[in-house]
Amino acid sequence: MPGTDVVVCGAGVAGLAAAHALGTLGLQVVLVDKQTTLTTAAKGEVLQPGALEILRDWGVLARLSEHGALRLSRLVARDRFGRTRMALDYDRLPGATNWLLAQDHQLILRSLAEGLPATVQPRRGVLVERAGRDDTGRVTGVVLRAGGVEEQLDARLVVAADGVSSRLRRAAGTSGERTDYPHRLVALDIPLADADDLAPDFTAYVTERGLRLCYPLPGDRARLYVQTGPDELRGLDQAALLNWTDRLVDELPALAVFGSGLAASLATRQTLPVSRFIASRLATPGLALVGESGHVVHPMAAQGMNSAIVDAHQLASCLGAAARDLGPAEVDTALARYHDTRRPDLVHIGQTSHNAARMLTDLSWLGRTLGRRALHHTGANPRLRDTVMHNMSGLGMHRLTPLDRLHQIGVLPDPRAGRTPDWAPPPTQPPTPRTESPQPLTDKP
Ligand SMILES: Cc1cc2nc3c(=O)[nH]c(=O)nc-3n(C[C@H](O)[C@H](O)[C@H](O)COP(=O)(O)OP(=O)(O)OC[C@H]3O[C@@H](n4cnc5c(N)ncnc54)[C@H](O)[C@@H]3O)c2cc1C
């Protein structure tokens, strides 16, 4: 029976990251994906500092930059008039990688794929049919299918990176309920007449009809995600679609910056469902889950790819440098450690992303009122604002307490609001002054 140290199932961001992390340990890795080419879906373009530091160690950050990735310096929530409600200035974070990076999803995949260690053997057009098991039920490999031919591949470790509908997760019997959000996101890829029209920010606009998320992309383009009802665009002809974009601009004048590019982007629009989920276990004997096979969050807080990269890094850390010499019992001990150390952080990331999503997308009267209050009180409270930013960046985890949540919605005043968290630069070092964006993206006085 052919065998390898590790088989990674799925070559999205999670699978490619796992192949990097485990290949770097010197393990022989077979990386399979059922697709013959890289996806062109709008599946996330923004990377956080914590993931970027890992990508730098793998040599991937340099490749992303060679492919023209853009640095974004702030995550800003604004109201429909363009006024700032909360601004997370990433240059207040510690370390050299204190910015976000925007790159096309396909180029993120390509940058990861180009620099894989020599011990990784990528195989495309190969479907993972099921897991192979021994008499005790331990996962000992996978059954693959390529060109109508079935093949059994034994492995000391199987990594499920086969996305949200993961066959391997279901086969492993790990439970967890997936909850769909009641809205969709329409992804628009907008050509910019002048790239300087758009500030280098990740901007979330809160409007009466929900979230509009916008940031620049390489190649003088912008990404705009528009929250819609499930059937809002279904069956609309071209004239009705143009009316829809006109209404977007009426409701949010900042979008006028896109001019005719907004209508031009309709031809390539994608409508994406959004959901959240976390598996009850991230590992069972012989099998680890990474990325969306194990957890899914709302895209609003740009956490999905980043968590997938950290999963892979954490899994490799749990196996350790001696991974090549580990037997099944030691591998399973490392997998248990991976579950124990990683899942609590993912639960917190899931909760934070869900809170952020509710704050910006809930259209009920109560939801919008609480959302506005939370944005205002978090934005005006340096301690909470910087803590939220640090958590989102992936550079550390400082859990918010129930009391913090009450401060966030302004139910209780926070006597510690001005206290700078330990990791932040001392108050004597003001954040680097930055130029505000040109009209209409600037604050109103
Ligand atoms: C609209 C939107 C915007 C987002 N924005 C961001 C963002 O800005 N920042 C961020 O960090 N995250 C973002 N995300 C989340 C991010 O895209 C995902 O978390 C991440 O891409 C998941 O990667 P993955 O590798 O786990 O899964 P996938 O990308 O789904 O990869 C799974 C792979 O497994 C393969 N596969 C599946 N089944 C099999 C099988 N049986 N056999 C072989 N191969 C198989 C598939 O072909 C695929 O290539 C966004 C998501 C969406 C929907």
Considering only Ser293, Pro218, His183, whose Cα is most displaced toward the positive end of the charge dipole of the chain, charges sitting on Cβ of Lys, Arg (+1) and Asp, Glu (-1)? His183
Positive-pole candidate from Val143, Gly367, Gly394, dipole of the chain, charges at beta carbon: Gly367
I'd like the carbon and sulfur percentage of the solvent accessible area for the chain, probe radius 1.4 Å, heavy atoms only, ligands and nucleic acids excluded. 54 percent
If one compares the long axis through the Cα atoms of helix 105-114 with the longest principal axis of the Cα atoms of the chain, the angle in degrees, nearest 10, works out at 40 degrees
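Indicate the gyration tensor shape class of the range 8-67 (rounded, prolate or oblate), computed on the Cα atoms with a ≥ b ≥ c the square roots of the eigenvalues: a/c under 1.5 is rounded; otherwise a/b larger than b/c is prolate and the rest oblate. Write down the numbers at each step before the final one.
On the way: a/c = 2.01, a/b = 1.08, b/c = 1.86.
Note, shape of the range 8-67 comes out oblate.
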Could you tell me how far the Cα centroid of the range 221-245 sits from the Cα centroid of the range 359-419, in Å? 31 Å
Proximal charge balance of Arg372 [Cβ under 9 Å; K/R count +1, D/E count -1]: +2
Residue-averaged 222 nm ellipticity for the chain, from DSSP H runs of 4+ at -39500 (n - 2.57), nearest 500: -10000 deg cm²/dmol
Could you tell me the center-to-center distance, by alpha carbons, between the range 303-321 and the range 1-50 in angstrom? 12 Å
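Among 124-135, 195-206, 13-24, how do they line up by average Cβ neighbours within 10 Å per residue, starting with the highest?
Sorting 124-135, 195-206, 13-24 by mean packing, highest first, produces 13-24, 195-206, 124-135.
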Taking 8 Å as the Cα distance limit and 6 or more residues as the minimum spacing, I'd like the relative contact order of the chain as a percentage. 21 percent
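With a probe of 1.4 Å, find how much accessible area the range 215-298 has per residue, and write the answer as a whole number in Å².
39 Å²
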Computed Rg/Rh of the range 202-295, alpha carbon atoms with Kirkwood Rh: 1.11
Selection from Ala51, Gln28, Leu38, by position along the positive dipole direction of the range 1-57 (Cβ): Leu38
Starting at the first residue of the range 192-208, write each ³J(HN,Hα) from the Karplus equation 6.51 cos²θ - 1.76 cosθ + 1.60 with θ = phi - 60°, in whole Hz, x for Gly and Pro. 9, 5, 9, 4, 6, 5, 10, 5, x, 10, 9, 10, 10, 8, 9, 10, 4
Checking a compactness column here: for the range 1-119, what do you get for Rg(Cα) / (2.2 N^0.38 Å), N being the number of residues? 1.26
Please turn the phi angles of the range 403-411 into ³J(HN,Hα) values with the Karplus equation 6.51 cos²θ - 1.76 cosθ + 1.60 (θ = phi - 60°), one per residue in order, whole Hz, x for glycine and proline. 5, 4, 4, 5, 4, 5, 9, x, 6
If one computes P(r) from the Cα atoms of the chain, what percent of pairs lie at distances over 44 Å? 13 percent
By how many degrees, 0 to 90 and rounded to 10, does the Cα axis of helix 328-361 deviate from the longest principal axis of the chain? 20 degrees
Using only the Cα atoms of the range 79-184, build the gyration tensor, take square roots of its eigenvalues as a ≥ b ≥ c, and label the shape rounded, prolate or oblate: rounded if a/c is under 1.5, else prolate if a/b is larger than b/c, else oblate. prolate
I want the local charge near Asp340. Using Cβ-Cβ distances under 14 Å, sum +1 for each Lys or Arg and -1 for each Asp or Glu among the other residues. +1
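Given the C-alpha atoms of the range 250-292, compute the convex hull and give its volume per residue in Å³.
143 Å³
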Starting from the Cα of Glu208, step 7 Å along the direction of its Cβ; do the same at Ala193; then give the gap between the two resulting points in nm. 2.8 nm
Total formal charge among the other residues, if their Cβ is under 15 angstrom from that of Ala41, Lys/Arg +1 and Asp/Glu -1: +1
Going by alpha carbons, how many degrees (0 to 90, nearest 10) lie between the helix axis of 238-251 and the longest principal axis of the chain? 60 degrees
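The values are calculated or read from the model by the stated rules, or taken from the named source; none is laboratory data. Just so it is clear, the model here is predicted, and its values are computed rather than measured. Backbone-built Cβ (ideal geometry, glycine too); neighbour counts: all protein chains shown. For accessibility, only protein heavy atoms count, side chains too; no ligands or nucleic acids. Shrake-Rupley method; radii C 1.70, N 1.55, O 1.52, S 1.80 Å.
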